[in-house]
Amino acid sequence: MKIALGCDHIVTDVKMKISKHLKKQGHEVIDVGTYDFVRTHYPIYGRLIAEEVVKGNADFGVALCGTGVGIAVAADKVPGTRVTLVGDVVTARAARENLNANIVAFGGAILGINFINNIVDEFINTKYNPNPEKEKLITKIDKLSEVSPEVAANDHIFDEENAKWARGEYHD
């Protein structure tokens, strides 16, 4: 299985442990960053994870930031994603079985690595259990993320922030 994996600067070490865990199980990891502890913003990595999943380059996405909230919201803005912010295995399983969620997000600074690995394993190993009622709900959910093509195709949305970081002028 191919898994897109990304985080912000707060939990890079946790992301690397997840990557090692997934690779040990034989999965291919598409690591979209970040790769160090230099301050950055989670929306960049949430979008990169989501794009890998939506484009079909990855089967699933795994997103983490300090709490998981920010990166989950950011990834969920990309049309075609169904992101679930979880803090337990039961919720991860339910998100896959009932909503065919394709990205799991959580707080890398909140949960322990063994618990995180259990959540990720449950999420990627749980099969979607379709039925007509679930399909109707998923269709309604997916319609909520429809945006104009101009916004969805804007590959330069973070150019200003990236230029500031490259110059060492990081400011919100």
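The values are calculated or read from the model by the stated rules, or taken from the named source; none is laboratory data. From a predicted model like this one, the values you see are computed outputs, not experimental measurements. All Cβ positions, even for glycine, are placed from backbone atoms using ideal geometry, and neighbour counts span all protein chains on display. The protein model used for the area step is the full one, side chains on, heavy atoms only, and it has no ligands, DNA or RNA in it. Shrake-Rupley method; radii C 1.70, N 1.55, O 1.52, S 1.80 Å.
Each peptide in 33-42, 52-61, 71-80 gets a packing score, the mean of other Cβ atoms within 10 Å over its residues, and the list from highest to lowest is 71-80, 52-61, 33-42. Taking the 1.4 Å solvent-accessible surface of the chain as the whole, the part contributed by carbon and sulfur is 55%.
For the chain, a Kirkwood hydrodynamic radius built from all Cα pairs, placed in the Stokes-Einstein relation at 25 °C and 0.890 mPa s, yields a translational diffusion coefficient of 151 µm²/s. Between LEU137 and ALA94, the simple label model (points 7 Å from Cα in the Cβ direction) yields a spacing of 1.0 nm. Were the residues from ILE110 through ASN57 laid out at 0.36 nm apart, the gain over their Cα-Cα distance would be 16.2 nm. Cross-linked pairs LYS23/LYS77; LYS24/LYS55; LYS24/LYS136; LYS2/LYS164: Cα-Cα separations exceed 30 Å for LYS24/LYS136; LYS2/LYS164. With a cut-off of 13 Å between beta carbons, the residues surrounding ILE138 carry a summed charge of +2, where Lys and Arg count +1 and Asp and Glu -1. Put a dot 7 Å past the Cα of PHE37, heading toward its Cβ, do the same for GLU161, and the two dots end up 2.2 nm apart. Across segment 1-146, the mean sequence separation of Cα contacts (distance under 8 Å, 6 or more residues apart), normalised by length, yields a relative contact order of 24 percent. By the helix-only formula, in which each DSSP H run with n ≥ 4 contributes -39500 (n - 2.57) and the sum is divided by residues, the chain has a 222 nm mean residue ellipticity of -14500 deg cm²/dmol. Stokes-Einstein diffusion for segment 39-85 at 37 °C, viscosity 0.692 mPa s, with a Kirkwood radius from C-alpha pairs, works out to 318 µm²/s.
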